[in-house]
Number of protein chains: 2
Amino acid sequence: MRLSNYYMPTLRDDPQDAETQSHKLLVRGAFIRKSSSGVYSYLPLGMKVINKIESIVRKSMEKYDSIEVTTSVLQSRDIWEKSGRWQNFGPEMFKLIDRHDREYCLGPTAEEQFTTLVKDELNSYKQLPLNLFQIVSKFRDEKRPRFGINRSRDFIMKDAYSFDKDMQGLEKSYQKMWDAYVDVFDQFDLDYKIVEGDSGAMGGNKSHEFMALAETGEGEIFYTENSDYAATDESAKFFLEIDENEELKEIELVETKDAKTIEEVSNFLSVNKEKCAKAVDLLVRGEPVLVIVPGDRELNMAKLIAYLQVPEHEIEMMDDITIKKITEAEPGFTGPKDLKENVRVIIDRSITRYKNLVIGANKTDHHFINANYKRDFDGEVAEDLLTAKEGDLSLDSKEKLKKARGIEVGNIFQLGTKYSESLEAYFLDENGKQKPFSMGSYGIGITRSISAIIEQHYDEYGIIWPTKVAPFHVWITLVNNNNEEQRNLAEKIYQNLLNEGIEVMLDDRKERAGVKFNDRDLVGVPYRITVGKDSKDDIVEYSKRSDMKNKKISSKEAISEIIEAVREDLCK
Amino acid sequence: MRLSNYYMPTLRDDPQDAETQSHKLLVRGAFIRKSSSGVYSYLPLGMKVINKIESIVRKSMEKYDSIEVTTSVLQSRDIWEKSGRWQNFGPEMFKLIDRHDREYCLGPTAEEQFTTLVKDELNSYKQLPLNLFQIVSKFRDEKRPRFGINRSRDFIMKDAYSFDKDMQGLEKSYQKMWDAYVDVFDQFDLDYKIVEGDSGAMGGNKSHEFMALAETGEGEIFYTENSDYAATDESAKFFLEIDENEELKEIELVETKDAKTIEEVSNFLSVNKEKCAKAVDLLVRGEPVLVIVPGDRELNMAKLIAYLQVPEHEIEMMDDITIKKITEAEPGFTGPKDLKENVRVIIDRSITRYKNLVIGANKTDHHFINANYKRDFDGEVAEDLLTAKEGDLSLDSKEKLKKARGIEVGNIFQLGTKYSESLEAYFLDENGKQKPFSMGSYGIGITRSISAIIEQHYDEYGIIWPTKVAPFHVWITLVNNNNEEQRNLAEKIYQNLLNEGIEVMLDDRKERAGVKFNDRDLVGVPYRITVGKDSKDDIVEYSKRSDMKNKKISSKEAISEIIEAVREDLCK
């Protein structure tokens, strides 16, 4: 490609709304342009990268026996009603009606769509397992789109769905996708961790997220250095050391004038925060619910949602009027004992292990001290509703948890029979018995991966693309295109490389050399040749984007070095 | 690919809603499935064909200097307001709002989007010409989706937009796209005609449509056999022989009791139909308009729309109340003379050439005879508002027009400065003067092309794919997969062909031979090998899908014949 015929409107300044390096560099380097909030166009360089990423994903999916199909972005309301997600998906779902007032959404994911697609046609165990994938745009009406194509409202995703006859089959299909994803993200040259995930709105059980490590990542993960444990902040498990043998003391109602927060109560009573039980006052589908956790811990909303099996947008903080109604007290003194109405109380398992707790007394300016589970208060016990902290012990209590941030570039879910049952997708097993499919679903963020790659591959001058996903392999800078010697040499190298199947950009614009070098470094193609004054002696400058060390060699040497280097990179 | 691991749910029966062969065969052959009215999913075989079609289009576009980008399906209302098409596009446009009540459409086309994309960044004549294309889903809420993926509501389209500094530049860009389209449709092995088109809602001037000939096509075209004239029914021009030298007679009001239609009036008065002027009573944006055409001719709505510059949905038939108001007569006697209100009258040019016409008298049961333009009635003259008929003379009056039906697989439009002016997209010319781009837009229906190819390539057994767009090149039928000799030979041939880069489907299912042959013929891969009883002698049956003539040859001969044939097909 000759740059004089190309469309590459690079920018000198960072866009005002860009917070991350990947966002800045993608806009400045002429890869993307915003068309409206959270919606992007891909310029020619961006398309090159997308096509490479898609091609890598497509090949890896096929290698692991997934078959490509495409379903429409327009998905009917009726299939989402059957799965119960039409309401549950919440305001992130774009909805629309057609001219006949039939309702549709713009697919944010496609479990319902794929289950419906194979339903009644995939009907024998002999046809199983089956794994189908597609690479299409997905839509989520993010409340706060940000970080460019990292959290956009229209994004390209590869999604796959597996159909198995039982959980053993699903385990195998899950493992295959795990392997495919390792294959893909290794080719993207990403530093990532595979973490236990929360399955959230997807339903089902086991899930893992592929998190590309990046300080700007929106996801938090916890991991141990020596074992391979890693999990999202939403699902991380940890061991809590508690003295369970402490002697039980007598419960006592005490005045705690003006002490409402855990901090204040802890100071006022001189009791450690973890032993001041925190009551989180919620409305779940409009009904009051108290969740009791240790005072030094955050309630983990993802774990609570999984426990309640209620969508996030149906959980809200309790209003003061309801608090006063159930406690007959001012807000700030809610507790699990002596509630004035029959309220659902959910107790984190740790609360049953602590002895002699401080709890709100449902009386203004009062708390109980030395309150103990079962003896003094009761409630349903949930195994784990807590958020981990850096330094917590791992579940086997051998190591301390470390914390990092990451970008979720892939995820794999075991859905089980949630969708096959609700959408009535059955097959006949070996005994002629009707059974629902055991399903899995598997996503890779195509456009988000581009963000993640850049967050891990850039310097002060611009992007440093790994060869496999680079828009071009080689960038030739023709320093002075009025000079015939230079022009001829650049052209010769260009043609030679093209003939070898190398993808080359030749900067033949009538621009100053400085402008050309800046654009070259910004766009970040891995190998570079500069054709300048030494052309008369057939000498060019050769460098890699990664170290930018120039060396002067003959054009022939440069060509053969590049061919070898590119081939090696592509075979990795 | 081994069919035992593939997903190919072929059907024995035609789908009930299918009217055309392509629709029937695509569903039965497991290429597509309907997900809702006019919305389709593409099964694995369908994806294979789409990927081939897209690849051919992509390469041809790049060969003719168009560069790939992608813009979002979500397009903001504001850019469509600027071009005036937010209202004008009518009910075919899918509209939606986001969580912040901002309005969007699902792009039915992207003139506004591309003009906005380059605006302010493409700003010098030095960067011109520029031609950008994308291959993405488009959405049109068709009133009556039909013919499967021929007229669907979600379809894949390649659309391209060119930016030039003047009309001379645009002419060149237009010619390049013409050449690219010839390159594409020749590779699809389509029999097509390039016809003069009506530019309709796109605005602008010159346009051409690429019409694949097919009896089930929704488009009508007129053409001459010996010259290369061809045009859509909406735009076909023709020469009307009229005796303009007839002597003018005196106008006379005559009673035409109960004669309302042209047929009735013509019989009643014994005057040829063409000389009974027909008044077409319309409401244009709510205002009454009469259009006067010869009685034997249909008013051409596309020509009228182009003349009025009003979108189709703002033109409707006049209601009886309005007719009575402007004529003070019963409906059926409207005419251009003695209207009771000031009504816009548009007269087709031919009406000015006919002498001694019959016209409605705006009086119940009355017509005028011997009415003549200018002497007896007046109105604004439009050059051509008539629809051609088979047998009409070509404009040069040398040949009679022939009529055929076709599927519009591509179109090219000269938009001029309509969009650059309304969206304020300017560049600086050689003299530093600001000028709007001269633009063109160019579409290819990716999914519709699949329909068109099948309409021209099928027989009673199924599809007959041209090699370049076939889902596979070769289909090996293993007759009995319990027989080891057969299995080994089939496997050997399969591997040998794969190693040569040939795309092979091996039917290794445990099915009866009859089922396998039926599926093979239905799916329609161009070359076939049957591995059966003669395997012990290394003999297989080789045939082409196009003639289905079997010949028994050695496996080696079959392999080399196929390799040669496929390579020859692909190089064509």
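Leaving ligands and nucleic acids out of the surface, order B:Tyr125, B:Tyr229, A:Tyr494, A:Tyr461 by accessible area at 1.4 Å, largest first.
So the residues, ranked largest to smallest area, are A:Tyr461, B:Tyr125, B:Tyr229, A:Tyr494.
Using the heavy atoms of the protein chains alone and a 1.4 angstrom probe, what is the accessible area of the stretch B:252-382 per residue in square angstrom?
Per residue, the stretch B:252-382 has an accessible area of 45 Å².
Which aspartates and glutamates have a Cα less than 17 Å from the Cα of A:Lys158, not counting those fewer than 8 places away in the same chain?
A:Glu54, A:Glu62, A:Asp65, A:Glu68, A:Glu111, A:Glu112, A:Asp179, A:Asp183, A:Asp186, A:Glu209, A:Glu408
What does the C-alpha gyration tensor say about the overall shape of the stretch B:1-153? Classify as rounded when a/c is under 1.5, otherwise prolate if a/b is larger than b/c, or oblate.
It is oblate, given that a/c is not under 1.5 and a/b is not larger than b/c.
Of A:Val73, B:Met47, A:Ser55, which is farthest along the charge dipole of the protein assembly as shown in the positive direction, counting Lys and Arg as +1 and Asp and Glu as -1 at C-beta?
Positive-most Cα among the choices belongs to A:Ser55.
Could you give the distance between the Cα centres of the stretch B:346-374 and the stretch A:367-413, to the whole Å?
For the stretch B:346-374 versus the stretch A:367-413, the Cα centre distance is 91 Å.
For peptide B:39-47, compute the average count of partner chain beta-carbon atoms within 10 Å of each residue's beta-carbon.
Averaged over the peptide's residues, the number is 6.
I'd like to know which of A:Thr530, B:Ile563, A:Leu299 lies farthest towards the positive end of the charge dipole of the protein assembly as shown, counting +1 on Cβ of Lys and Arg and -1 on Cβ of Asp and Glu.
B:Ile563
Kindly identify the protein assembly as shown as rounded, prolate or oblate by the Cα gyration tensor criterion: order the square roots of the eigenvalues as a ≥ b ≥ c, call it rounded if a/c is under 1.5, otherwise compare a/b with b/c, prolate if a/b is larger, else oblate.
prolate
Would you grab the residues whose amide H sits under 5 Å from the one on A:Arg153? Only those 5+ places off in sequence or on another chain, please, with H modelled 1.01 Å from N.
For A:Arg153, the qualifying residues are A:Val39.
Which value, in Å² and to the nearest 10, is the accessible area of B:Glu274 when all protein chains are kept and the probe is 1.4 Å?
Probe radius 1.4 Å; accessible area of B:Glu274 about 60 Å².
Placing +1 at every Lys and Arg Cβ and -1 at every Asp and Glu Cβ, with all other atoms neutral, what dipole size does chain B have around its Cα centre, in debye to the nearest 20?
That gives chain B a dipole magnitude of about 1780 debye.
Determine the order of A:Lys275, B:Lys82 by accessible area, beginning with the largest, at a probe radius of 1.4 Å.
In descending accessible area the options line up as B:Lys82, A:Lys275.
For the stretch B:222-372, rounded, prolate or oblate, judged on the Cα gyration tensor with a ≥ b ≥ c (square roots of eigenvalues), a/c < 1.5 rounded, else prolate if a/b > b/c?
Here the stretch B:222-372 falls in the oblate category.
Using the Kyte-Doolittle scale, find the helices of chain B whose mean hydropathy is at least -1.0 and whose Cα atoms extend 27 Å or more along the helix's long axis, counting only whole DSSP H runs.
B:44-63, B:167-187
Over the stretch A:472-571, what relative contact order in percent results from Cα pairs under 8 Å that are six or more residues apart?
Relative CO of the stretch A:472-571 lands at 31 percent.
Of the peptides B:380-392, A:33-45, B:325-337, how do they stack up when ordered by the mean number of other Cβ atoms within 10 Å, highest first?
A:33-45, B:325-337, B:380-392
Where nothing but the Cβ of Lys and Arg (+1) and of Asp and Glu (-1) is charged, how large is the charge dipole of the stretch A:460-572 around its Cα centre, in debye to the nearest 20?
Dipole of the stretch A:460-572, to the nearest 20 debye: 180 debye.
In whole percent, how big is the carbon plus sulfur part of the accessible area of the protein assembly as shown, probe 1.4 Å, protein atoms only?
C and S fraction of accessible area: 44 percent.
Could you tell me which of the pairs A:Lys237/A:Lys398; B:Lys257/B:Lys355; A:Lys237/A:Lys402 are separated by over 18 angstrom between their Cα atoms in the structure shown?
B:Lys257/B:Lys355
Measuring from centroid to centroid over Cα atoms, what is the spacing of the stretch B:503-572 and the stretch A:1-74 in Å?
Here the answer is 42 Å between Cα centres.
Mind putting a number on the dipole of the stretch A:1-154 about its Cα centre? Charges go on the C-beta only, +1 for Lys and Arg and -1 for Asp and Glu, and I need it in Debye to the nearest 20.
In total the dipole reaches around 640 debye.
Could you give me the ³J(HN,Hα) list for the stretch A:355-365, computed from phi with Karplus coefficients 6.51, -1.76, 1.60 and θ = phi - 60°, whole Hz, x at Gly and Pro?
Taking θ as phi minus 60°, the curve returns 10, 6, 8, 8, 9, x, 9, 6, 8, 3, 6 Hz for the stretch A:355-365.
What residues have an amide H closer than 5 Å to that of A:Phe94, excluding those fewer than 5 places away on the same chain, when H is modeled at 1.01 Å from N in the peptide plane?
The answer is A:Leu106, A:Asp141.
Accessible area per residue for the stretch B:472-571 in Å², computed with a 1.4 Å probe and the full protein assembly in place, what is it?
Accessible area per residue: 48 Å².
Can you give me the long-range amide H partners of A:Phe427? Hydrogens built in the peptide plane at 1.01 Å from N, cutoff under 5 Å, separation of 5 or more residues or another chain.
Correct list: A:Lys435, A:Phe437.
What list of ³J(HN,Hα) values in whole Hz, one per residue of the stretch B:370-384 in order, does the Karplus curve 6.51 cos²θ - 1.76 cosθ + 1.60 (θ = phi - 60°) give from phi, with Gly and Pro shown as x?
My calculation for the stretch B:370-384 gives 6, 7, 9, 4, 6, 5, 10, 8, 9, x, 7, 9, 9, 4, 7 Hz in order.
Express the relative contact order of chain A as a whole percentage, based on alpha carbon pairs under 8 Å and six or more residues apart in sequence.
Computed over chain A, the figure is 17 percent.
Could you please point out the chain B residue with its Cβ nearest to the axis of the rotation taking chain B onto chain A, and the distance in whole angstrom?
B:Leu96, 2
If ligands, DNA and RNA are left out, what is the accessible area of B:Met157 with a 1.4 Å probe, given in Å² to the nearest 10?
30 Å²
Provide the buried accessible surface between chains B and A in square angstrom, both chains summed, 1.4 Å probe, rounded to the nearest 100.
4200 Å²
For the stretch A:128-160, state which residues have at least 20 Å² less accessible area in the presence of all protein chains than in their chain by itself, taking the probe as 1.4 Å and leaving out ligands, DNA and RNA.
Relative to the lone chain, where solvent access is computed with a 1.4 Å probe, the stretch A:128-160 loses at least 20 Å² at A:Leu130, A:Phe139, A:Asp141, A:Lys143, A:Arg153, A:Asp154.
Using a label point 7 angstrom from Cα along Cα-to-C-beta, what distances in nm, from shortest up, separate A:Lys403 from the other copies?
List, nearest first: 7.7 nm.
Quick one: compute the contact order of the stretch B:367-468, relative version, from alpha carbon pairs under 8 angstrom and 6+ residues apart, as a percent.
Relative contact order here is 18 percent.
Inside 10 Å of the C-beta atoms of B:60-69, what's the mean count of C-beta atoms belonging to other chains?
3
The values are calculated or read from the model by the stated rules, or taken from the named source; none is laboratory data. Just so it is clear, the model here is predicted, and its values are computed rather than measured. In this analysis, Cβ positions are derived from the backbone assuming ideal geometry, glycine residues included, and neighbour counts consider all displayed protein chains. Accessible surface areas use protein heavy atoms only, side chains included; no ligands, DNA or RNA. Shrake-Rupley method; radii C 1.70, N 1.55, O 1.52, S 1.80 Å.
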